[in-house]
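K.L.:
Quick one: structure below, then a few questions.
The values are calculated or read from the model by the stated rules, or taken from the named source; none is laboratory data. Please read all numbers here as calculations on a predicted model, not as lab measurements. FYI the Cβ positions are ideal-geometry reconstructions off the backbone, even for glycines, and counts take in every protein chain you see. Please note that ligands, DNA and RNA were not included when accessible areas were found on the heavy atoms of the full protein model with its side chains. Shrake-Rupley method; radii C 1.70, N 1.55, O 1.52, S 1.80 Å.
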Amino acid sequence: MTTEVSETADQKPKASSSSDQAEVLVSVKNLTKHFPIRKGVFRREVGAVKAVEGVSFDIHKGETLGLVGESGSGKSTTGRVLLQLDHATAGSATFEGQELTTMSERELRKLRPRMQMIFQDPHSSLNPRMTVSSIVGEPLKEHADLDAAGRQKRVEELLTLVGLQPAHANRYPHEFSGGQRQRIGVARAIAMNPDFVVCDEPIAALDVSIQAQVVNLLEKLQEELDLTYLFISHDLSMVRHIADRVAVMYLGHFVELAAVDELYDNPLHPYTQALNSAVPVPDPVIEATRKRIILEGDIPSPANPPSGCPFNTRCPQVEDRCREVNPEWREVTEGHWVACHVVEPKTQ
Amino acid sequence: MRGAYLSGKDAVLEVSDLSTEFHTPDGVVHAVNGVSFALRSGEFLAVVGESGSGKSVTMMSMLKLIPMPPGKIVAGKVMFDHQDLLELETSQLRKVRGGEIGFIFQDPMTSLNPVLTIGRQITESLELHTDLSGDAVNDRAEELLTMVGLPDARARLKSYPHELSGGMRQRVMIAIALACSPKVIVADEPTTALDVTIQAQIIEIMKELRERLDTAVIWITHDLGVVAGLADRVIVMYGGKIVEEARVGDLYANPQHPYTRGLLGSIPRLDQKGQELSAIEGSPASIRAIPTSCSFAPRCDYAHDRCHTEVPVLREVGAEHMAACWWDIDGERPRL
Ligand SMILES: Nc1ncnc2c1ncn2[C@@H]1O[C@H](COP(=O)(O)OP(=O)(O)O)[C@@H](O)[C@H]1O
Ligand SMILES: Nc1ncnc2c1ncn2[C@@H]1O[C@H](COP(=O)(O)OP(=O)(O)O)[C@@H](O)[C@H]1O
Ligand SMILES: [Mg+2]
Ligand SMILES: [Mg+2]
């Protein structure tokens, strides 16, 4: 056990001990994204889907920040706004200290190669009429000073790196299995040597045995290419495996963020506790005696969120103030953030 | 040969040598290749395996629910209530479906009728399969919705499917499946489309219902976590065949087929943090010809000559434990 821990500590800066020293790559303050709801012939705005509601966090250079939460909680939107694929409604996001939300299209284009995204569905995110070689080579055309031969060489290099045969460069996406298609998506994302990659549910559409292959690949690439990941997933066990720190989202809000072991061993927010306990453990002996926190009801609609704490309608520990005041996002112990009235400030 | 432990009176449903093909423009897909298993009365049987391994087609074939054509059940027997379901007339089969054997599917939207109220869909089934009539039907419908934990059951009877959340719709599906006190419920990935806290609600309801009702359940899933807490026994499928079958504790503690080991190894474990996951290399291929070798051999670390020339038979490797593999994984030598 101890040797294992020190080994990983050598490879990656461990987030728990590094919140002061670690270099911040991405910094987010009160980031908000509302999607207008329009009705009628005049497309009048009648409301808004509050997809992301004032989230604040940092991503450290070289780490994997896991982002978990149920569907509709705003994970993808957070990732897309970070990469400026969607415009923020309010708040700030910086990359190496440069503000992204107000950046001109020209400046953004220069920065794009350094921030990439891997999508959930390798099926719909790859153009079926393009060969693998042109899919992976496309970003090189736009951004790198390579001639056709140079691009070809780089594509072959990339395919090898992600575990595909360079000889298959002229095939089309449908000729590959789901896992291989995801490798193509990964190759395209790393083509321009990015620093930061948002992995949005990269394994959700894959079979169990293939998920492990892709996660192993992402971990290998992170080490070899010094990548920083935002790893979005609803699979809490896989996030526990891959992440250094983990943030939990609910109805557009961050409700908790901590170093991975701290978050799973000592979850403070009632939602994190429930989410954690809802995940079935692949061990009949443990399952036979495990007690679950079963939440009542469904997640409210982000078009019509409850007042006060977003979780108050399902929270087993709800108090009066939770229905009135949205709890502050605060650091209760070093590196452990939570937004909950009920959590006592810890003295340490 | 199948173990003797399951034959006879104990089994409520017995499938033998079931084979189903699909004749597509691209050729024949051998979706199910000689599947045999028995379901004991009241037991919870999980069927696991990757997508395309033949789980759904096996269960749909039992009640001739596959589209024919392109589908074709080419062999097999499905004994239920002293009769072979595959020999029944369509009208008789319709009575079994939704009556003595209930189905729950992954996506309730496709099996619920969008223009009928929830109440109407339950009472329709009750009228078709039971002797209840008049107020008794409505009372029973309300009772069923309460049983699956739908708040405000009476009011909910008047709701349409689209007015309910995914989790509530799945509860309604369970209520409909339970409506006629079936002997068997087949649930095909019923929680796969749901969020984890909603999945936990559904699992909890299934556990409660198991205690209260004497219904045997076949639960299809690809999630070995869900299986661990629910099942009595587990069947593992690969390439349209059963490759392993065991009591749930034995399967996790002592998996005998390399594929089962691989699946369990692919799941991240706490004590392996910071290590590579032990992934199974390659990916499953669809079965284009009647297998003449082990379908898993191309991905298997233990494959040897025989695996490429002879289909392994499913046989007893321990107490109530069967595996189809030419390699003795504990003895570290080929099986004879
Ligand atoms: N382009 C869009 N227009 C309108 N609503 C959107 C759009 N994208 C996302 N949403 C809504 O925002 C909320 C958050 O969505 P998303 O970020 O995709 O959540 P997650 O990735 O956690 O499942 C959802 O209610 C979703 O329907
Ligand atoms: N209607 C169909 N037409 C053609 N092939 C089919 C059809 N339904 C299923 N199959 C094929 O049968 C095989 C088994 O499928 P299925 O039983 O659905 O797998 P599982 O449920 O284990 O994911 C797959 O190769 C699938 O493509
Ligand atoms: Mg998403
Ligand atoms: Mg299926």
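K.L.:
Highest first, please rank the peptides A:206-213, B:221-228 by the mean number of other Cβ atoms sitting within 10 Å of their residues. Numbers along the way, then the final one.
P.N.:
Values: A:206-213: 24.0, B:221-228: 22.0.
Top of the packing list down: A:206-213, B:221-228.
K.L.:
How long are the semi-axes of the equivalent ellipsoid of the protein assembly as shown, defined as square roots of 5 times the Cα gyration tensor eigenvalues? Whole Å, largest first. Intermediate results must be reported in sequence, preceding the final value.
P.N.:
Numbers: eigenvalues 361, 226, 121 Å².
Each semi-axis is √(5λ); the values are 42, 34, 25 Å.
K.L.:
Which of B:ALA175, B:MET237, B:SER293 sits closest to the plus end of the dipole of chain B, meaning its Cα is farthest towards the positive end, when Lys and Arg get +1 and Asp and Glu get -1 on the C-beta?
P.N.:
Of the options given, the answer is B:SER293.
K.L.:
For chain A, what does the helix formula give at 222 nm: sum of -39500 (n - 2.57) over DSSP H segments with n ≥ 4, over the residue count, nearest 500 deg cm²/dmol? Can you show the working numbers first?
P.N.:
Details: 12 runs with 114 residues, N = 348.
Value at 222 nm, helices only: -9500 deg cm²/dmol.
K.L.:
Additional query: Can you tell me how region A:36-112 classifies by the Cα gyration tensor, rounded, prolate or oblate, using a/c under 1.5 as the rounded cut?
P.N.:
On the way: a/c = 2.68, a/b = 1.43, b/c = 1.87.
Note, shape of region A:36-112 comes out oblate.
K.L.:
What angle, in degrees between 0 and 90 and rounded to the nearest 10, separates the Cα long axis of helix A:2-11 from the longest principal axis of the Cα atoms of chain A?
P.N.:
With rounding to tens, the tilt is 60 degrees.
K.L.:
Something else about it: Excluding ligands, DNA and RNA, what is the solvent-accessible area per residue of region B:152-237 at a probe of 1.4 Å, expressed in Å²? Can you show the working numbers first?
P.N.:
Values: 2720 Å² over 86 residues.
With all protein chains present, region B:152-237 gives 32 Å² per residue.
K.L.:
For A:211-217, what's the mean count of beta carbons from other chains sitting within 10 Å of each residue's beta carbon?
P.N.:
Details: counts 5, 11, 7, 2, 5, 6, 1.
Shielding by partners across A:211-217 averages 5.
K.L.:
Next question. Nearest 0.05, what FRET efficiency do B:VAL28 and A:LEU108 give at R0 = 51 Å with Cβ-Cβ as r?
P.N.:
On the way: r = 52 Å, r/R0 = 1.02.
It comes out at approximately 0.45.
K.L.:
What FRET efficiency do you get for B:SER41 and A:SER92 if R0 is 60 Å and r is their Cβ-Cβ distance, rounded to the nearest 0.05? Write out the running numbers ahead of the final one.
P.N.:
Values: r = 63 Å, r/R0 = 1.05.
Using R0 = 60 Å, I get an efficiency of 0.45.
K.L.:
Round to the nearest 0.05 the FRET efficiency obtained for A:ARG38 and B:ARG333 when R0 = 56 Å and r is the Cβ-Cβ distance.
P.N.:
Details: r = 70 Å, r/R0 = 1.24.
Result of the calculation: an efficiency of 0.20.
K.L.:
Applying the Karplus parametrisation 6.51 cos²θ - 1.76 cosθ + 1.60 with θ = phi - 60° to the phi angles of region A:325-333, what ³J(HN,Hα) value in whole Hz is obtained for each residue in order, glycine and proline being reported as x?
P.N.:
10, 6, x, 6, 7, 9, 8, 7, 10
K.L.:
As an exercise, find the ratio Rg/Rh for region B:141-295 from alpha-carbon atoms, using the Kirkwood inverse-distance average for Rh. Don't jump to the answer; show the numbers that get you there.
P.N.:
Values: Rg = 18.8 Å, Rh = 18.1 Å.
Radius of gyration relative to Kirkwood radius: 1.04.
K.L.:
Amide H neighbours of A:GLY308 under 5 Å, counting only residues 5+ apart in sequence or on other chains, H built in-plane at 1.01 Å?
P.N.:
It is A:ASN326, by chain and number.
K.L.:
Using +1 on the beta carbon of Lys and Arg, -1 on that of Asp and Glu, and nothing else charged, what's the dipole of region B:109-194 about the Cα centre, debye to 20? Could the numbers behind the result be given before it?
P.N.:
Values: 8 positive and 11 negative charges, 36 e Å.
It works out to roughly 180 debye.
K.L.:
Follow-up. Hey, can you rank A:157-168, B:320-331 by average C-beta count inside 10 Å, highest first?
P.N.:
B:320-331, A:157-168
K.L.:
Which distance in nm do the two modelled labels at A:VAL285 and B:ALA285 give, with both placed 7 Å along the Cα-to-Cβ direction?
P.N.:
3.9 nm
K.L.:
A follow-up question, please. Aspartates and glutamates within cross-link reach of A:LYS50: Cα-Cα under 20 Å, excluding same-chain residues under 8 positions apart?
P.N.:
Correct list for A:LYS50: A:GLU70, A:ASP86, A:ASP200, A:GLU256, A:ASP298, A:GLU324, A:GLU328, B:ASP195.
K.L.:
At 7 Å along the Cα-to-beta-carbon direction for both A:ASN266 and B:HIS162, put a label point, then send me their distance in nm to one decimal.
P.N.:
Label at A:ASN266, label at B:HIS162, 5.0 nm between them.
K.L.:
A follow-up question, please. Measuring from label point to label point, each 7 Å out along Cα→Cβ, what is the B:LYS207 to A:LYS29 span in nm?
P.N.:
Each label point is offset 7 Å from its Cα along the Cβ direction, giving 4.6 nm.
K.L.:
For region A:247-253, take each phi angle, set θ = phi - 60°, evaluate the Karplus expression 6.51 cos²θ - 1.76 cosθ + 1.60, and give the result in whole Hz per residue in order, putting x for glycine and proline.
P.N.:
10, 10, 10, 9, 6, x, 10
K.L.:
Which listed residue (A:HIS174, A:ILE190, A:VAL260) has the Cα farthest towards the positive end of the charge dipole for chain A, taking +1 on Lys and Arg C-beta and -1 on Asp and Glu C-beta about the Cα centre?
P.N.:
Of the options given, the answer is A:HIS174.
K.L.:
Next question. Ignoring any ligand, DNA or RNA, what whole percent of the accessible area of the protein assembly as shown comes from carbon and sulfur when the probe is 1.4 angstrom?
P.N.:
Details: 15000 of 30300 Å².
Of all accessible area on the protein assembly as shown, carbon and sulfur atoms account for 50 percent.
K.L.:
Whole number in Å², please: accessible area per residue of chain A, 1.4 Å probe, ligands, DNA and RNA not counted.
P.N.:
Values: 15820 Å² over 348 residues.
Each residue of chain A exposes 45 Å² on average to a 1.4 Å probe.
K.L.:
Would you pull out the residues with amide H under 5 Å of A:ILE118's amide H, same chain only if 5 or more places away, H placed 1.01 Å from N?
P.N.:
A:VAL198, A:CYS199, A:ASP200
K.L.:
Towards the positive end of the charge dipole of chain A, with charges on Cβ (+1 Lys, Arg; -1 Asp, Glu), say which of A:VAL214, A:TYR229, A:GLY137 has the farthest Cα.
P.N.:
Sorting the options by dipole projection puts first A:GLY137.
K.L.:
Find the sum over both chains of the accessible area lost when A and B are paired, probe 1.4 Å, and report it in Å² to the nearest 100. Intermediate values should be presented prior to the final figure.
P.N.:
Working: alone 17480 and 16100 Å², together 30300 Å².
Buried area between the two chains comes out at roughly 3300 Å².
K.L.:
If packing is taken as the average count of other Cβ atoms within 10 Å, what order do A:310-318, A:142-150, B:83-91 fall into, highest mean first? Kindly include the intermediate steps, with their values, before the conclusion.
P.N.:
Working: A:310-318: 19.8, A:142-150: 10.8, B:83-91: 12.6.
Result, highest mean Cβ count within 10 Å first: A:310-318, B:83-91, A:142-150.
K.L.:
Then there's this: How are the Cα pair distances of region A:7-338 distributed, in percent, across 20 Å bins from 0?
P.N.:
Reading the bins upward from 0: 29, 57, 14, 0.
K.L.:
Moving on. Would you please name the chymotrypsin sites (Phe, Trp or Tyr not before Pro) within region A:22-117 that are DSSP coil residues with at most 13 other C-beta atoms within 10 Å of their C-beta?
P.N.:
On the way: sites: A:PHE42, A:PHE57, A:PHE95; in loops: A:PHE42.
Answer by residue number: A:PHE42.
K.L.:
Using the structure shown, list the pairs from A:LYS291/B:LYS207; A:LYS39/A:LYS75; A:LYS29/A:LYS61 with a Cα-Cα distance above 21 Å, or answer none. Could the numbers behind the result be given before it?
P.N.:
Values: A:LYS291/B:LYS207 13 Å; A:LYS39/A:LYS75 26 Å; A:LYS29/A:LYS61 17 Å.
The pairs that break the limit, which is 21 Å between Cα atoms, are A:LYS39/A:LYS75.
K.L.:
For region B:327-332, in order, what is each residue's ³J(HN,Hα) by Karplus, 6.51 cos²θ - 1.76 cosθ + 1.60 with θ = phi - 60°, in whole Hz (x at glycine and Pro)?
P.N.:
Per residue, the Karplus-derived 3J(HN,Hα) values read 10, 8, 6, 7, x, 6 Hz.
K.L.:
For region B:1-130, give the magnitude of the charge dipole about the Cα centre (Cβ charges: +1 Lys/Arg, -1 Asp/Glu; no others), in debye to the nearest 20. Please list the in-between numbers first.
P.N.:
On the way: 11 positive and 15 negative charges, 14 e Å.
My answer is approximately 60 debye.
K.L.:
Across peptide A:193-205, what mean number of C-beta atoms from other chains lies inside 10 Å of a residue's C-beta? List each step's numbers first, then the result.
P.N.:
Numbers: counts 0, 0, 0, 0, 0, 0, 0, 0, 0, 0, 0, 0, 1.
Counting Cβ atoms of other protein chains within 10 Å of each residue's Cβ and averaging gives 0.
K.L.:
Also, quick follow-up: Enumerate the lysines that B:LYS95 could reach by cross-link, defined here as Cα to Cα under 25 Å, with residues fewer than 8 away along the same chain left out.
P.N.:
Within the straight-line cut-off, B:LYS95 pairs with B:LYS9, B:LYS55, B:LYS64, B:LYS72, B:LYS77, B:LYS183.
K.L.:
Taking the Cα centre as origin and putting +1 on Lys and Arg beta-carbons and -1 on Asp and Glu beta-carbons, what dipole magnitude results for chain A, to the nearest 20 debye? The partial results should precede the final answer.
P.N.:
Numbers: 37 positive and 48 negative charges, 290 e Å.
My answer is approximately 1400 debye.
K.L.:
Here is a further query. Per residue of B:51-61, what is the mean number of Cβ atoms on other protein chains within 10 angstrom of that residue's Cβ?
P.N.:
Values: counts 6, 1, 1, 0, 0, 0, 0, 0, 0, 0, 0.
Shielding by partners across B:51-61 averages 1.
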